[in-house]
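What follows is a set of notes on a single structure, which appears directly below.
Where a number appears in this text, it was derived from the coordinates with a stated rule and is not lab data. Remember, it's a predicted structure, so these values are computed and weren't measured experimentally.
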Amino acid sequence: MKTTQELQTIATQVRRDILRMTTAAKSGHPGGSLGTADWMTAMQFNILDHDPDHFTMDGNGQDMLFVSQGHITPVIYSTMARRGFFPISELKTFRQFGTRLQGHPSTEHGLPGIRMASGSLGQGMSVGIGAALGKKMTGDNHLVYTLHGDGELQEGQIWEAVMFAGAKHVDNLIATIDYNHQQIDGTTMQVMDLGDLRAKFESFMWTVVVIDNGNDMQQVLDGMARAKSLTGQGKPVVVILTTEMGYGVDFMQGINKYHGSVLSADDLPKALAQLEETLGDF
Amino acid sequence: MTHYEIKSQKELRSGMGEGLIETGRRNPDVVALSADVKGSVKMDGFAKEFPDRFIQCGIAEANMVGIAAGLSLCGKVPFVGGFAEFVTGRVYDQIRQVLCYSNKNVKICGSHAGISLGEDGATHQTMEDIALMRALPNMTVLVPADFNQAKAATLAAAEHVGPVYLRLGRSKMPCFLPDNEPFTIGKAQLLNEGSDITLFACGHLVWEALQAAEMLEKEGISAEVINIHTIKPLDVDAIVASARKTRAVVTCEEHLFNGGLGDSVAQALALHCPTPMEYVAVDDRFGESGTPDEMLTNYHLRAADIVEKAHKVIKRKA
């Protein structure tokens, strides 16, 4: 377990990794990766009960995480590498031909820590439900976590899964919504108003936890601990995690263009100047 | 020629249902999921015997496929049951991403496949499912020919590690194969040896091909009949060996021309042994309402249609 301070230090390095990976690859999704860097760091190091040295596909005796919004591979890979799932130096192969670090997560290339391909949006909650049911059937009392973009909630399959998990009391599942109000074509309000998420989930028989600032490490830790404490009570738990796309770099914050656009080689140093190299670059 | 008797008229989906119960007894990790059609797809027997291993998913096929993928991670062997159209075409991307690309051990049981579904009409009569499923890397595609083979194929699917599509019809069809014959995935089944032409058939049309062979025999034409119950992986060696011998081929399937058994065989022959060939299949159109018999007859999927194509291709022999 890391202290809040230590996690913040890691998250800052993760943000550097995200920017350096995407600029080197000349492609990728830095915006949502920066926004979720604090949550992903907290999950990998403190929240998830898992063992990077003994990764197994079945995840028996460990917590499982499925990142449904697979496009945020920069933050997924950086936090996994920093946690010890694979060598940090491998981050430099991101999106390159022959890499295990595919543009979107894949199992085909054998990267430890990935159990399911994702990126075709809307599918990760269903997978998480299946894994949660599997854990119940096999008597494993560990938890299943999923992460979804807020724009992803526009996918119909999400609501099939939300309805199922509530109706069938999948209470070993914690789904987190990255609530940054941004998607490719604009704000969620402009593209498709998500409405009252709390009311939506509650009406589907879920327990709702809200984290007001998902870029505040202490709030993330407290909120996820609270979510965990609410499992096993007959209802799935959803965490509405308010984040800011591009968080950590002032000229990227809240700008939806950085969903899928990377910094130029010229702009990268300006961004990195705002993020201290805390643990050594890859 | 080898003569086959109709022992009974049974539904292939029921063969799957019996096979599922049997594999459920053998392997406690086998689980079943259905989307509000457990009776229609004959999973009710399994659900009754193993209530804790049956997951009712409601009318939500996409979610069901994802749940199955998640269950497979935990060592379960999920069988997903639904109407063939709604567990293939409707959820093609889900199958692609979380079953095939992620290579998960999930079995898709598509009941009510093909035009012999009958009265429900074209919305439910998928004739593209073989094309869709065989296009996917890692997928195995099984099209058994009768009730007994559907049961055996279900047992084989459970033993095979990886995603499998099992295509099953709704209607009662002739049951003519032995009831205890093991099913070998990827191994074509020689039903009748012949020398003048080869009839490659799958699913309900295997029986029609056997009838066609008897009709051809009366004309002095010796037809080899091979049941291609596994569309993928295709038994290319068996197909090429037979075509090399007979030099004329007719493929017979309850599917569209595009992408089904015929195209599979054509691809194998084009690459290894170019041979005159004709298709008995449905040509780029949707079905309609009618009885199963009316559908097979009016869409030209009968023994007589196979005979006609056989005459045509024999004329093309060099």
Greater than 18 Å apart at Cα, pairs in B:Lys107/B:Lys232; B:Lys48/B:Lys172; A:Lys136/A:Lys200; B:Lys245/B:Lys317; B:Lys10/B:Lys42:
B:Lys48/B:Lys172; A:Lys136/A:Lys200
If you fit an axis through the alpha-carbon atoms of helix A:124-138 and take the longest principal axis of the Cα set of chain A, what angle between them do you get, 0 to 90°, nearest 10?
50 degrees
Using only the alpha-carbon atoms of the range B:189-315 as identical scatterers, what base-10 log of I(q)/I(0) does the Debye formula give at q = 0.09, 0.12, 0.21, 0.22 Å⁻¹?
-0.21, -0.38, -1.18, -1.29
Can you give the helix-only mean residue ellipticity at 222 nm for the protein assembly as shown, where every DSSP H stretch with n ≥ 4 adds -39500 (n - 2.57) and the sum goes over all residues, rounded to the nearest 500 deg cm²/dmol?
-10500 deg cm²/dmol
Which aspartates and glutamates have a Cα lying under 19 Å from the Cα of B:Lys315, excluding residues fewer than 8 positions away in the same chain?
B:Asp196, B:Glu217, B:Glu219, B:Glu224, B:Glu278, B:Asp305
Semi-axes in Å, largest first, for the range B:8-175 (Cα gyration tensor, √(5λ)) are 21, 18, 15
Hey, which of these cross-link pairs are over 18 Å Cα-Cα: A:Lys228/B:Lys76; B:Lys7/B:Lys151; A:Lys135/A:Lys228?
A:Lys228/B:Lys76
For A:Lys235, which aspartates and glutamates qualify as cross-link partners when the Cα separation must be under 12 Å and same-chain residues fewer than eight apart are set aside?
A:Asp171, A:Glu202
Please give the per residue volume of the convex hull enclosing the alpha carbon atoms of chain A, rounded to a whole number of Å³.
113 Å³
Give me Rg over Rh for the protein assembly as shown, both radii from the alpha carbons and Rh done the Kirkwood way, two decimal places.
1.06
